[in-house]
1. Provide the descending list of Cα extents for the stretch 48-158 along its principal axes, expressed in whole angstroms.
2. What ranking of 436, 139 comes out by heavy-atom accessible area, probe 1.4 Å, highest first?
3. Percent of accessible area on the stretch 274-383 owned by carbon and sulfur, 1.4 Å probe?
4. Alpha carbon centre of the stretch 377-396 versus the stretch 273-305: separation in Å?
5. Which entries of 157/313; 89/115; 115/313; 157/367; 191/290; 63/109 show an alpha-carbon separation above 25 angstrom in the structure shown?
6. Among the lysines, select those whose C-alpha is under 25 Å from the C-alpha of residue 190, and discard any that sit fewer than 8 residues away in the same chain.
7. With Rg/Rh (Cα atoms, Kirkwood Rh) in mind, check (1) 0.97; (2) 1.03; (3) 1.07 and report the label derived from this structure.
8. Given 10 °C and 1.306 mPa s, how large is the Stokes-Einstein diffusion coefficient of the stretch 258-363 in µm²/s, with Rh as the Kirkwood radius over Cα pairs?
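The values are calculated or read from the model by the stated rules, or taken from the named source; none is laboratory data. These numbers were taken from a predicted model, which means no experiment stands behind them. Methodologically, a virtual Cβ is constructed for each residue, glycine included, from the backbone with ideal geometry; neighbour enumeration extends over all protein chains shown. Quick note on the areas: whole protein, heavy atoms, side chains included, nothing else; ligands and nucleic acids left out. Shrake-Rupley method; radii C 1.70, N 1.55, O 1.52, S 1.80 Å.
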Amino acid sequence: MSYSPKFLRSVLIVLLLFVAHSAQAQQEPQLEAGPMLGYVEMQEANIWIQTTKPTSFELTYWKKGDEKAPNHVFSSSTLALDSNTAQVKLTDLDYGTTYRYELSIDGEKVDLPYKTEFTTQQLWQWRKPAPDFSVAMGSCLYINDSEYDRPGTPYGKGTEILTHINEQHPDMMLWLGDNVYYREPDFYSKKRMDYRYQDARNTPEMQPLLANAINLATWDDHDYGPNNSDRSYRMRQEALEIFRRYWANPGYGTSETDGIFTKYKYSDVEFFLMDDRYHRAPNQLKKEGKDFFGEAQLQWLMDSLVSSNATFKIVVVGNQVTNKMKDSESLMAYGEEYEQLMDFLDKHDIPGVLFLSGDRHFTELLKTDREDSYPIYEFTSSPLSSGTYGDLNESEEYDNPQRVDGTLVYDDQNFGMMHVRGEEDNRRLVLETYGSDGEMLWDYTIHENDLTNK
């Protein structure tokens with residue numbers, strides 16, 4: 001049987017198109033975002049990924065420096081029902097050990113331009129001094145999206161600051177809230193809320209930081225719902241579900257009480273990540289004793305603080321806690337809960353308590369003196385990429401007497417660092433703020449004995 005030249009040319013064209021389409025399909029990335037390192041314990045680690053479609057994947061990991069040893073492989077799949085995300089819990093790891101890992105999706109290895117590794121916590125108790133470590137922090141990450149943003153000058157100022165954070169090589173990154181910004185079309189659509197998280201999470205400059213630092217988060221209003229939103233928000237349950245989908249925290253609330261609050265201990269420091277939205281009464285509600293954390297969560301915090309043996313107890317809140325010049329979006333504005341917490345700290349003589357917060361679009365270190373106890377410090381770090389407060393120098397808050405001199409940053413995007421250092425019984429926190437170009441703007445040291453009544 002013979003074929004005409006015209007027919008053969010047609011067949012050849014079809015074959016070439018098929019080969020080109022197959023090659024293009026193979027080149028399309030299958031990794032949407034991540035891998036992201038969540039919490040890490042002594043013998044367990046949690047890694048999050050998101051793929052571009054539902055698919056199977058393998059995570060291969062091995063001890064760094066021991067590449068000839070048998071590799072460990074975790075196989076699973078991502079599901080459309082979970083926005084193609086998955087969390088991989090690696091168990092039976094060796095403590096105090098660095099592991100490298102790589103990802104394969106649908107049988108194809110994912111080549112990444114940065115290292116992917118993690119180190120399990122050390123078994124140091126009763127054996128040696130508590131390990132030193134460093135924590136990066138920030139809030140208010142606004143990613144521009146011109147179709148949905150307000151007209152005019154873009155509110156987001158770029159995400160290069162994330163590269164500067166990664167250059168600090170932190171052991172941990174604390175996301176202090178407003179980690180995404182929902183827009184008006186997102187507020188009442190779970191699909192749109194999910195899209196907003198996905199759009200922020202796949203930011204290229206974020207990926208090395210996600211892969212190599214422990215990433216833990218709380219939220220504030222903009223990554224929970226509309227501006228200043230509270231427990232009356234219709235989509236609060238959906239917001240909670242999406243937060244859990246995109247973060248790999250060690251826990252979310254308790255069996256009795258919903259929310260995102262949890263705690264995490266690293267070396268001799270314990271972090272208490274609070275939920276300032278899910279149980280919060282409206283700011284405008286005129287009622288004595290209205291809820292900020294809510295009775296159950298506040299009791300959980302007080303129980304957790306009094307039972308903690310950590311040198312430093314870091315309470316992480318999306319809103320400010322101790323600022324006496326802020327009368328709305330703060331715990332101080334919910335006076336009864338504020339007084340209850342401070343009275344509890346006084347009565348039980350709990351050492352080492354310090355607060356971290358975001359939200360304000362400026363950075364400062366507050367110091368609140370107490371009559372018969374050590375001062376309470378609060379490190380507010382904001383913003384990462386959103387607009388700054390701008391005209392703070394025209395408000396009475398510019399001269400806040402609680403503020404530690406030299407720690408105000410209100411006209412530049414910035415991030416914070418906290419270094420935990422020192423020998424036993426003389427541990428110290430070195431607090432730092434860095435500007436959008438990665439240059440250090442100020443530093444301040446708090447010693448262990450500064451936070452005790454001895």
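1. Computed over the Cα atoms, the extents are 58, 40, 27 Å.
2. 436, 139
3. Details: 1660 of 3870 Å².
In the stretch 274-383, the share of accessible area belonging to carbon and sulfur is 43 percent.
4. Their Cα centres are 24 Å away from one another.
5. Over 25 Å Cα-Cα: 157/313; 115/313; 157/367; 191/290.
6. Filter leaves 53.
7. Only one listed value fits the structure, namely (2).
8. Numbers: Rh = 14.2 Å.
The calculation lands on 112 µm²/s.
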